[in-house]
Structures are given as structure tokens and as C-alpha cells.
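Participant: One structure follows; several queries about it will come next.
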Amino acid sequence: MSMADRSMQEQLGDYTPPADNGLDILYQDEAILLVNKPSGLLSVPGRGPAKQDSLATRVQARIADAMIVHRLDMCTSGIMVMARGMEIHRTLNRMFQEREISKRYIARVNGQLEPAEGIVDLPLITDWPNRPRQKVDHTIGKPSVTRYRLIDYDSENDSSRVELFPETGRSHQLRVHMLAIGHAILGDNLYGESDSQTKADRLQLHAVELAFHHPLSGEWLIFKSPPSF
């Protein structure tokens, strides 16, 4: 399957969200809500009636004032923060824009990561003929920075477990940056090659930690969610 075909499959293919077995709420108060998004569930509704099921609609069916502030890719799992009401929504939006919210991910990538830690500083832009794919573009791409650190290496299937720290929040940033340095995330059917795709039955990318000052109290909060892989 070509890159363009995989792009169209992810964009237009059948959407079969995971069963709604209730929300995995990590924290809730009058201002914010922290919830785990399962892999395979859209963050927000997509186009058409078949793609209306999403984390946002599931949460809002139970907590009417919850509002999406940021997104995770459909295939990515992990922590998302939602605002309760417009004022908190504006505050959290500003905090994301000004990089006041710390994000950490865990991923399994193809091959042995070398060097064991580093920074990927490669500008990204939408690859319009193959959207929703993104690509590195040194001329008109937007600044995009990811720090990474090797956790361990599995010699049996030639893969590395890594921590990823995005300093910017571009679409598909972690997936494209890992691909760009030769280590596609396992199970990535949009960017990975056949070898990395067959090593996992889902994208091995999980938002494991969010840390920020509470928008009302100012208290420093750290929320964690271990990955299933």
C-alpha cells in the first residue's frame, strides 16, 4: 500500500470506535477534567454521521460543560485535559500556546535508538496531496521540537521503548519526528514501513503524563497514566 493510499485509508476508512464502557476519569473538579482516551477513539467528532462517536461526545453526554482544549490522534491513547466552561477553556488554551503545560509520552519505536537521548528539531507542514500526512519542510514548515530519551531496547523484536517530550504541538509531530530519524513508531499504519507496522496491532504511542498549574488555584499538578504496552 502506498503512502497516499494509507493516508486516504486513515482519513476515509471505516471507523469502528472502541466500545463505550464508561469514562476513565483521572481527576475532576469544578474547573478541569482529566480523562484517558483509548486508542481507536477520535478526540472530537469527524465528518459525517458515522464518525460522531468521540471522546468529546462521550464526556459531554455525562458532563455537559466539558470542553475540548487539545487533541490526541485517533490511534494514540492517554491523558487529555478538558475545560469546564468558557473561561477555563480560554485559560487552558493560553497555557498550551505559551507552553506552560508539560507533556510526556511513551512510545515503542523500530530499531535501536542511537544516540540514547537527543532533540529532533525539524519544521513540519501538512503534506497536502497526501493529507492528513504531515512532512518535514525546511522552507515553509512550522518550528517543531521533540526531545527523546531511550528507556530500554528489546533485541528480540529490534525495538526501543522511549520517552518523548514535545516542546511544540504540531499535528502528528511525534510520529513524523521519529520517522525522520529512522525509528518509526510501531503499529503506525500511516507513516511506518511494513516491518514496523507488523510488530504491533495498534500505534504504540501513549500520552503518559500532563503537568501544569491549576487554572484557578495555581497548584502544580501532575497526572500520570501508564501505557498498556
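Participant: Only Cα pairs within less than 10 Å get springs; with that Gaussian network setup on the chain, which residue of 83, 180, 207 has the largest fluctuation?
Facilitator: Highest fluctuation among the options: 180.
Participant: Just rank 156, 87, fewest to most, by other beta-carbon atoms within 10 angstrom.
Facilitator: So the ranking, lowest neighbour count to highest, is 156, 87.
Participant: Determine the gain in length on full extension of the stretch residue 14-residue 29; use 0.36 nm per residue of separation and subtract their C-alpha separation, reporting nm with one decimal.
Facilitator: 1.8 nm
Participant: Below 21 Å Cα-Cα, how many Lys pairs turn up in the chain? Only count pairs eight or more apart in sequence, or on different chains, if you could.
Facilitator: 5
Participant: Fewest to most neighbouring Cβ within 10 Å: what's the order for 178, 82?
Facilitator: Ordered from fewest to most neighbouring Cβ atoms within 10 Å, 178, 82 come out as 82, 178.
Participant: Looking only at region 3-224, where both bridge partners belong to it, what percent of the DSSP beta bridges are antiparallel (to the nearest 5)?
Facilitator: Rounded to the nearest five, the antiparallel share is 95 percent.
Participant: Starting at the first residue of region 101-113, write each ³J(HN,Hα) from the Karplus equation 6.51 cos²θ - 1.76 cosθ + 1.60 with θ = phi - 60°, in whole Hz, x for Gly and Pro.
Facilitator: With coefficients 6.51, -1.76 and 1.60, one gets 10, 8, 10, 9, 10, 10, 9, 10, 10, 6, x, 9, 6 Hz.
Participant: Near the amide H of residue 24, under 5 Å away, which other amide H atoms are found, from residues 5 or more places off or on another chain, if H is placed in the peptide plane?
Facilitator: Those qualifying (amide H under 5 Å, at least 5 residues apart or on another chain) are 36.
Participant: Over the alpha-carbon set of the chain, divide Rg by the Kirkwood Rh and report the Rg/Rh ratio to two decimals.
Facilitator: 0.95
Participant: Still on this model: What are the ³J(HN,Hα) values, in whole Hz, obtained from phi via the Karplus relation 6.51 cos²θ - 1.76 cosθ + 1.60 with θ = phi - 60°, for each residue of region 39-49 in sequence order, with x given for Gly and Pro?
Facilitator: In residue order, the calculated couplings are 4, x, 10, 5, 6, 10, x, x, 7, x, x Hz.
Participant: Which is the longest part of the chain that has none of the trypsin sites (Lys or Arg not before Pro) sitting in a DSSP loop with at most 14 other Cβ atoms within 10 Å?
Facilitator: Between exposed loop sites, the widest span is 100-229.
Participant: Run lengths n ≥ 4 of DSSP H only: what is the helix-derived mean residue ellipticity at 222 nm for the chain, with -39500 (n - 2.57) per run over all residues, to the nearest 500?
Facilitator: -5000 deg cm²/dmol
Participant: Determine ³J(HN,Hα), in whole Hz, for all residues of region 119-129 in sequence, where each value follows from phi through the Karplus function 6.51 cos²θ - 1.76 cosθ + 1.60 and θ = phi - 60°; x replaces Gly and Pro.
Facilitator: 10, 9, 10, 9, x, 10, 8, 5, 8, 4, x
Participant: List the relative contact order of the chain as a percent without decimals, with contacts defined as Cα pairs under 8 Å and 6+ residues apart.
Facilitator: 19
Participant: While we're looking at this one, here's another question. Taking amide H positions as placed 1.01 Å from N in the peptide plane, with prolines and chain starts having none, which residues 5 or more places from residue 134, or on another chain, fall under 5 Å of its amide H?
Facilitator: 127
Participant: Separation between the residue 125 and residue 140 pseudo-spin-labels, each 7 Å from Cα along Cα→Cβ, expressed in nm?
Facilitator: 0.4
None of the figures in this text is laboratory data; all of them are computed from the coordinates on show. This is a predicted model, so every value here is computed, not measured. Note that we place each Cβ from the backbone using ideal geometry, even for glycine, and neighbour counts take in every protein chain shown.
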